[in-house]
1. Sort out which residues of region 287-301 are in contact with an Asp or Glu (Cβ under 7 Å, 6 or more places away or on another chain) and loosely packed, with under 13 Cβ neighbours inside 10 Å, and write them in order of number.
2. Kindly indicate the residue of region 38-66 that is outside any helix (DSSP H, G or I) and polar (S, T, N, Q) and also surrounded by the fewest Cβ atoms within 10 Å (Cβ to Cβ) among those meeting that condition.
3. Among the residues of region 331-354, write down those that are basic (Lys, Arg) and within 22 Å of residue 190 (Cα to Cα).
4. Scanning region 152-188 for residues that are among the small types (Gly, Ala, Ser) and open to solvent by 10 Å² or more (accessible area, probe 1.4 Å), which turns out farthest from residue 82 (Cα to Cα)?
5. Answer yes if at least one residue in region 131-151 is open to solvent by less than 50 Å² (accessible area, probe 1.4 Å), touching a Cys at 6+ places or on another chain (Cβ under 8 Å) and of a type outside the set (S, T, N, Q), and no otherwise.
6. Looking at 139, 179, which is the one that is modelled with pLDDT of 95 or more and out of contact with any helix residue (DSSP H, G or I) (no Cβ under 7 Å at 6 or more places or on another chain)?
7. If we scan region 133-142, do we find a residue that is β-branched (Val, Ile, Thr) and under 20 Å from the mean Cα position of the chain (by Cα)?
8. All but one of (1) more than 25 Å from the chain's Cα centre (by Cα); (2) not in a loop (DSSP other than H, G, I, E, B) hold for residue 109; which doesn't?
Amino acid sequence: MLFNLRILLNNAALRNGHNFVVRNFRCGQPLQNEVQLKGRDLLTLKNFTGEEIKYMLWLSADLKFRIKQKGEYLPLLQGKSLGMIFEKRSTRTRLSTETGFALLGGHPCFLTTQDIHLGVNESLTDTARVLSSMTDAVLARVYKQSDLDILAREASIPIVNGLSDLYHPIQILADYLTLQEHYGSLKGLTLSWIGDGNNILHSIMMSAAKFGMHLQAATPKGYEPDPTITKLAQQYAKENGTNLSLTNDPLEAAHGGNVLITDTWISMGQEEEKKKRLQAFRGYQVTMKTAKVAASDWTFLHCLPRKPEEVDDEVFYSPRSLVFPEAENRKWTIMAVMVSLLTDYSPKCQKPKF
């Protein structure tokens, strides 16, 4: 079925009061889907090829168009249940997952540290086996990536990383869907990261080159990304003919960038480091001065919640800011992840040109 997604998304943005314009969203010819993700874990985008990540974005766009724009009811997860483990709270991860899973006909079950304390009251092995017997998948937002690795090894159902100390893959899927909608294609974009060498940056490093995107990252001294992840990212860049540059100069990273990206400087569990971190990150606030050295079509992303010291109001609330479409796309991308891991559904809409 042919449709002009650019016009539909622009109209939807205007109806919802957004001050951004979705431009140049291009759709290609219908292609037979050869990607099969059913039964897989999603712990890090390192474990997925470019085509597999593109498939999840394609499915996200498909569900968003069919459900939001056409008003279709798609109970693709009817009869299925999802265990949601949250060691760290989150507005967007919880709301997007609960509402998205329910919208598809499934039943999400939210578990806090008062309900489940990984590896304390019960071993991770036992927890994984119990959850496997009662749910169809688990999304876990945890402190340690190693806990996710154990859950995935011991469980017989898909385990999805809702955030860990090393990676945040479901956030990056939402970021890429937002950029795909805005720019019409991801290939050739330059991403400018200005902030901490954290799980968000790690996830970008494990995936950007697979789309042909360049990455320029600035982090303060002592807050650089993990060396092992950096080494692998350099390999990805070489294989895909993209540029990867790491610096301690925010303006150098922003120079010529299409997308300015930052995140919180102080994550949960780092509160005692606040004074030290604020000092180390001085000069890293994204402002219009930063934007002046970026590309003429620059946009801004932040996964939220945002603090003023990370980005000023002029940039955060500007027409170039995509943070609120980015937040909404958390829902459509996590829905696509769950559908791809739990069903045989294939997108009905045309595959975008990435």
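The values are calculated or read from the model by the stated rules, or taken from the named source; none is laboratory data. As the structure is a computational prediction, the values presented were derived from the model and not from experiment. FYI the Cβ positions are ideal-geometry reconstructions off the backbone, even for glycines, and counts take in every protein chain you see. Note: accessible area is taken over every heavy atom of the protein model, side chains too, but ligands, DNA and RNA are not part of it. Shrake-Rupley method; radii C 1.70, N 1.55, O 1.52, S 1.80 Å.
1. Just the residues of region 287-301 that are in contact with an Asp or Glu (Cβ under 7 Å, 6 or more places away or on another chain), to begin with: 287-288, 301.
Across region 287-301, the qualifying residue is only 288.
2. First, pick out the residues of region 38-66 that are outside any helix (DSSP H, G or I): 38-44, 48-49.
With polar (S, T, N, Q) added as a condition, the list becomes 44, 49.
Details: 44: 22, 49: 11.
Taking the candidates together, the pick is 49.
3. Residue satisfying the conditions is 353 alone.
4. Of everything passing the filter in region 152-188, 188 is farthest from residue 82 (Cα to Cα).
5. no
6. Exactly one of 139, 179 is modelled with pLDDT of 95 or more and out of contact with any helix residue (DSSP H, G or I) (no Cβ under 7 Å at 6 or more places or on another chain), namely 179.
7. yes
8. Against the list (1) more than 25 Å from the chain's Cα centre (by Cα); (2) not in a loop (DSSP other than H, G, I, E, B), residue 109 comes up short only on (1).
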